[in-house]
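S.K.: Quick one: structure below, then a few questions.
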């Protein structure tokens, strides 16, 4: 049942479902993700980001493209190399940078670090380090949607390394048995920390989808429009009651596992090969050919990151006296809220 | 008022909450058509249908993980582990996802996880455990353990209504042995201790099935007046109730059916040592199960579980101290 989507012609039209404005927005979110992460790496080197720092350099198309296909009422469990997902939903650069620096107004108010966050008001649940735990959480959301006959969908991302753990099986099986409206995005970036995929599985995990009773599709994870289109179709299937989809986004982790990792275990030629497929370069080339002034967009994004950095640096560290607060909730019910859904297909309240 | 067993009271709590609140659903292994391994959900599927009485795959991590997902989008799942022991397979979802969610990102996880726990019936090493201390040591989880039918119902209703993850330990030994008149409809029991019997000479602190062991063992020790405190809730722990009783009697015996090291009773003993040292008139004593797995063969199992005789002997020694 697994299908392969050929890499699109870099300048060609991938899908008729994106307006030029949408395609520009996709570039914008990818630039914003890369810019924020580059800034955060600088702040890390300056000692302003405690712990370590993890980024998604080279993988921007995966989260940006797939999140762009999700409606405001859909719900997301986002992984650590998928900052773009948070940006599409509407989290601001200042709050993200404050989060990295452990500041009071970071998304977790200093309780968790790096991309371990989710703004629940925007429909996102923050990941935990035990991967892929969130596959089950997304499956449970989809279970509730189906139970209540709601036309909504859940989506979650996880890496190639995650396919080795039991929760991958439990979630895939559960979602298949109950035909749930959930999209699983397997982000195959070739390495689980230092372990190559050849040491992780004998069969490409996208092939496993069929054994759970639903389709698996391989997507060019460095093509933001292809990611959008594959996710859009998976969402259509989910809303039609046809159950889950596994999307394998084939990409490459271009940096080490985290800031401390020099990635000496990756052959240089492999990195160089993938550099030619950089998702931002590809989208920028397309748009330039379509007559878009991408330099102006870059300047605009750089200014937004400057502004966000200033704001984040001005934010205080959390008050140590609050370290034991917020363990249990008592009061009004708090649930996941609706996030931004900038795709033109949702304009006018369309779902 | 109707007479109900502990088990019937648990069923009644879920049935009443499900009737009153369509967000409540029950999920677990063999709980639908079969009605559950212990028949706690017998007949539920006929009244509420298979969507709200969900037979799940045999996947404990899946049960807890999907319950979390359903909860954060507005459901109030009650997840059943077939036996408390199997929670080890769902430990990660409970401890790392559910327990830390609200602290990390301000998103509460309203799930109740029912754990049929405890030994005494040759269940062996995988069907007899009392794993409550694992969760007391995991921030963000509430842990309750009723000993009576009335509390079994009221604590479960409170657990379902609580915005936070609640581990609900139901002792298998009590299922059909304990019964009393139980209020109809719904009522919520607070997560606080109760005095199971008033007394002035000695305090015995227990929870779950050990409350009954405590009551029986101290019913008549040469006319001594023995107070029995039923903790009911382990997180939060009702320190005020514990300390008030210690101040009154000055002597304390603490019972655990769980393995001794770092059990709930160890925490109770630590609280007393820290906050009631001046009120004590004897050592804080504990009776618990030795630190070995629960064996299958009856003489081996009975040699380990705290018996009425062992408790009586410890109580007598303390009274004479």
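S.K.: With A:336, A:246, A:295 as the choices, which residue is more than 14 Å from every other protein chain (Cβ to nearest Cβ) and either in contact (Cβ under 8 Å) with a residue 60 or more places away in the chain or touching a strand residue (DSSP E or B) at 6+ places or on another chain (Cβ under 8 Å) (or both)?
M.R.: Unique residue meeting the criteria: A:246.
S.K.: Same structure, new question: If you scan segment A:142-174, which residues turn out to be in a helix (DSSP H, G or I), more than 7 Å from every other protein chain (Cβ to nearest Cβ) and without any contact (Cβ under 8 Å) to a residue 24 or more places away in the chain?
M.R.: A:169, the sole residue that qualifies.
So that you can scan it fast, the table gives a plain yes or no per residue for (1) assigned to a helix (DSSP H, G or I); (2) more than 10 Å from chain A (Cβ to nearest Cβ); (3) more than 22 Å from residue B:257 (Cα to Cα):
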{"residue": "B:57", "(1), (2), (3)": "no, no, yes"}
{"residue": "B:70", "(1), (2), (3)": "yes, no, yes"}
{"residue": "B:78", "(1), (2), (3)": "no, yes, yes"}
{"residue": "B:82", "(1), (2), (3)": "no, yes, no"}
{"residue": "B:90", "(1), (2), (3)": "yes, no, yes"}
{"residue": "B:95", "(1), (2), (3)": "yes, no, yes"}
{"residue": "B:125", "(1), (2), (3)": "no, yes, no"}
{"residue": "B:129", "(1), (2), (3)": "no, yes, no"}
{"residue": "B:139", "(1), (2), (3)": "no, no, yes"}
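S.K.: If residue B:156 meets every condition in (1) outside any strand (DSSP E or B); (2) crowded, with 24+ Cβ neighbours inside 10 Å; (3) within 14 Å of chain A (Cβ to nearest Cβ) apart from one, which number is that one?
M.R.: (3)
S.K.: Can you find even one residue in segment B:169-180 that is part of a helix (DSSP H, G or I), more than 19 Å from residue B:236 (Cα to Cα), in contact with a helix residue (DSSP H, G or I) (Cβ under 6 Å, 6 or more places away or on another chain) and more than 14 Å from chain A (Cβ to nearest Cβ)?
M.R.: The answer is yes, given that some residue of segment B:169-180 is part of a helix (DSSP H, G or I), more than 19 Å from residue B:236 (Cα to Cα), in contact with a helix residue (DSSP H, G or I) (Cβ under 6 Å, 6 or more places away or on another chain) and more than 14 Å from chain A (Cβ to nearest Cβ).
S.K.: Please count how many residues of segment B:97-109 are in a loop (DSSP other than H, G, I, E, B), at the interface with chain A (Cβ under 8 Å from one of its Cβ atoms) and surrounded by 24 or more Cβ atoms within 10 Å (Cβ to Cβ).
M.R.: Matching residues across segment B:97-109 total 1.
Per-residue answers, yes or no, for (1) touching a helix residue (DSSP H, G or I) at 6+ places or on another chain (Cβ under 6 Å); (2) modelled with pLDDT of 95 or more; (3) more than 30 Å from residue A:105 (Cα to Cα):
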residue	(1), (2), (3)
B:13	yes, yes, yes
B:35	no, yes, yes
B:42	no, yes, yes
B:75	yes, yes, no
B:81	yes, yes, yes
B:85	no, yes, yes
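S.K.: Still on this model: Does residue A:83 satisfy being surrounded by fewer than 21 Cβ atoms within 10 Å (Cβ to Cβ) and either free of Cβ contacts under 8 Å to residues at least 40 places away in the same chain or within 25 Å of residue A:275 (Cβ to Cβ) (or both)?
M.R.: Against the criterion (surrounded by fewer than 21 Cβ atoms within 10 Å (Cβ to Cβ) and either free of Cβ contacts under 8 Å to residues at least 40 places away in the same chain or within 25 Å of residue A:275 (Cβ to Cβ) (or both)), residue A:83 does not qualify.
S.K.: When you check residue B:43 against the structure, is it without any contact (Cβ under 8 Å) to a residue 40 or more places away in the chain and facing another protein chain (nearest Cβ under 9 Å), yes or no?
M.R.: In short, no.
S.K.: For residue A:109, state whether it is out of contact with any strand residue (DSSP E or B) (no Cβ under 7 Å at 6 or more places or on another chain) and farther than 30 Å from residue A:164 by Cα.
M.R.: Considered against the rule, which asks whether it is out of contact with any strand residue (DSSP E or B) (no Cβ under 7 Å at 6 or more places or on another chain) and farther than 30 Å from residue A:164 by Cα, residue A:109 comes out as yes.
S.K.: Something else now. Within segment A:232-351, which helices (runs of 4 or more DSSP H) (wholly inside it) include 1 or more residues that are surrounded by 14 or more Cβ atoms within 10 Å (Cβ to Cβ) and in contact with a helix residue (DSSP H, G or I) (Cβ under 7 Å, 6 or more places away or on another chain)?
M.R.: Result: A:279-289, A:294-314.
S.K.: If you don't mind, another one. Just the residues that are within 23 Å of residue A:61 (Cα to Cα) and assigned to a helix (DSSP H, G or I), please, taken from segment A:199-211.
M.R.: A:205, A:206, A:207, A:209
S.K.: Within 14 Å of another protein chain (Cβ to nearest Cβ) and under 15 Å from the mean Cα position of the chain (by Cα) - does that describe any residue in segment A:99-106?
M.R.: No, segment A:99-106 contains no residue that is within 14 Å of another protein chain (Cβ to nearest Cβ) and under 15 Å from the mean Cα position of the chain (by Cα).
S.K.: Okay, moving on. Within segment A:145-160, which residues are over 16 Å from the mean Cα position of the chain (by Cα) and under 14 Å from residue A:79 (Cβ atoms)?
M.R.: none
S.K.: Does residue A:109 qualify as being within 22 Å of residue A:214 (Cβ to Cβ), surrounded by fewer than 24 Cβ atoms within 10 Å (Cβ to Cβ) and either within 11 Å of chain B (Cβ to nearest Cβ) or touching a residue at least 12 places away in the same chain (Cβ under 8 Å) (or both)?
M.R.: no
Here's the yes/no breakdown for (1) in contact (Cβ under 8 Å) with a residue 40 or more places away in the chain; (2) more than 21 Å from the chain's Cα centre (by Cα):
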{"site": "B:212", "(1), (2)": "yes, no"}
{"site": "B:220", "(1), (2)": "no, yes"}
{"site": "B:223", "(1), (2)": "no, yes"}
{"site": "B:228", "(1), (2)": "no, no"}
{"site": "B:231", "(1), (2)": "yes, no"}
{"site": "B:239", "(1), (2)": "no, no"}
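Residue by residue, here is whether (1) crowded, with 19+ Cβ neighbours inside 10 Å; (2) modelled with pLDDT of 95 or more; (3) out of contact with any helix residue (DSSP H, G or I) (no Cβ under 7 Å at 6 or more places or on another chain); (4) outside any helix (DSSP H, G or I) holds:
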| position | (1), (2), (3), (4) |
| --- | --- |
| B:243 | no, yes, no, no |
| B:262 | no, yes, no, yes |
| B:266 | no, yes, yes, no |
| B:271 | no, yes, no, no |
| B:281 | no, yes, yes, yes |
| B:293 | no, yes, yes, yes |
| B:302 | no, yes, yes, no |
| B:317 | no, yes, yes, no |
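S.K.: For segment A:116-141, name all the residues that are part of a helix (DSSP H, G or I) and facing chain B (nearest Cβ under 7 Å).
M.R.: If the condition is that a residue be part of a helix (DSSP H, G or I) and facing chain B (nearest Cβ under 7 Å), then A:120, A:133, A:136, A:137, A:138, A:139, A:140, A:141 are the ones that fit.
S.K.: A further question on this structure: Is at least one residue of segment A:177-186 out of contact with any strand residue (DSSP E or B) (no Cβ under 7 Å at 6 or more places or on another chain), in a helix (DSSP H, G or I) and within 14 Å of another protein chain (Cβ to nearest Cβ)?
M.R.: Checked segment A:177-186: at least one residue is out of contact with any strand residue (DSSP E or B) (no Cβ under 7 Å at 6 or more places or on another chain), in a helix (DSSP H, G or I) and within 14 Å of another protein chain (Cβ to nearest Cβ).
S.K.: Kindly indicate which of B:40, B:113, B:26, B:53 is surrounded by 21 or more Cβ atoms within 10 Å (Cβ to Cβ) and over 30 Å from residue B:211 (Cα atoms).
M.R.: B:53
S.K.: Residue A:214: away from chain B (no Cβ under 13 Å), under 30 Å from residue A:23 (Cβ atoms), in contact (Cβ under 8 Å) with a residue 40 or more places away in the chain and not in a helix (DSSP H, G or I), yes or no?
M.R.: When the stated conditions are applied, residue A:214 passes them.
The values are calculated or read from the model by the stated rules, or taken from the named source; none is laboratory data. Predicted, not measured: the structure shown is a model, and the values here were computed from it. Note that we place each Cβ from the backbone using ideal geometry, even for glycine, and neighbour counts take in every protein chain shown.
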